[in-house]
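The values are calculated or read from the model by the stated rules, or taken from the named source; none is laboratory data. The model shown is predicted, which means the values in this text are computed figures rather than measured ones. Every residue, glycine among them, receives a Cβ derived from its backbone with ideal geometry; neighbour counts consider all protein chains shown.
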Amino acid sequence: MHIDNIDLNLLRLFDAVYQIGNVSRAAERLNLTQPTASQGIARLRLLLDDALFERTSGGVRPSPRAQRLAPAIRSALATIEQAFSEDERFNPVQSHRTFNLHMSDIGEGRFLPALMALLRTQAPHVRIETQYVEQALLADALDTGRVNFAFGFLPHLKGTQNFPLLDDRYVVLVRRSHVFAQKKRAKAHALGVALGKLEFVAVRTHADTTRILRSLRLEDRLRLTVEHFTVLPAIVRATDLAAVLPYEMAAMYSSDDYAAIELDFPMARFTVSLHWSKRFESEPGNRWFHQLVMNSVAKPLANP
């Protein structure tokens, strides 16, 4: 197959189907009829000699080759979109643009509710898609435009522009009736001794939790490791397990059910920032989004 045989619109169709996982909804996004979209996918299948997308009960799923092609196609389309939009003014009220954001599940819970409420009034047609990118790949994802902005505490991310959004610190979350919660007013030394008697639940994708436990020589007290923060409330409420997590996350849970205990952990304080690539800094849409987040979502956290 030669590149001359590929129509740019076919690549846009491929990218939309890959992102959405449904041919009909991808056609709607691109203002195509469903038969036109299906014919386009069929043409790509012939050109690439691959099924590309396999039917499932809820839509389609990419083939292994489609998964390999998707990042390169998204990057190429982003570069083209950037080239053609450099001199355009961004109109948030009329724009149908999609912003791709790197966020952890903590970031989604902390920033998306306020952000989506703002977009509803200021940019009603703008779409947000979040994904989690491994830190080793994040700088390249930002530089290629595959990700527009990254939210998080990302000390290993080098060479990007950034703006601090909030200061946070780690606390210990236990159920309200836990005996440890009654020690809340004890001296720090007494709390530290009591901490060694707790058993913990940690989140696999959040390395700082286990880092803190290791620094306190409490890794042998770890009894459960889970994939996401969202399951922690139910586990902590139903057991004697304690969780080390950011205060901003703990503050979302009902004080009637949980107690957040402040302790002076090693390197417990950290700053969550918004990161972006200098390559796309002057792009009007990116400038608008950056300003929206900077003015409306950022919230410095007062020291306890």
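Selection of first residues in region 128-157 that are assigned by TED's automatic domain parsing to the domain that holds N286 and of second residues that are at pLDDT 90 or above and among the aromatic types (F, W, Y), restricted to Cβ pairs under 6 Å at least 6 apart or on distinct chains, gives the following pairs, ordered by first then second residue: I128/F99; N148/F99; F149/W276.
Inclusion of Q82 among residues that are within 24 Å of the chain's Cα centre (by Cα), part of a helix (DSSP H, G or I) and either buried (at least 18 other Cβ atoms within 10 Å of the Cβ) or modelled with pLDDT under 90 (or both) is warranted. When each of L47, L11 is tested for being more than 28 Å from D143 (Cα to Cα) and part of a helix (DSSP H, G or I), the lone residue that passes is L47. Go through the residues of region 93-113 one by one and say whether even a single one is over 27 Å from S282 (Cβ atoms) and surrounded by fewer than 16 Cβ atoms within 10 Å (Cβ to Cβ). Checking region 93-113: at least one residue is over 27 Å from S282 (Cβ atoms) and surrounded by fewer than 16 Cβ atoms within 10 Å (Cβ to Cβ). Selection of region 135-183 for residues being of a type in the set (F, W, Y) and outside any loop (DSSP other than H, G, I, E, B) yields F149, F151, F163, Y170, F180. Residues of region 158-177 that are of a type in the set (A, V, I, L, M, F, W, C), surrounded by 17 or more Cβ atoms within 10 Å (Cβ to Cβ) and within 17 Å of V272 (Cβ to Cβ): L165, L166, V171.
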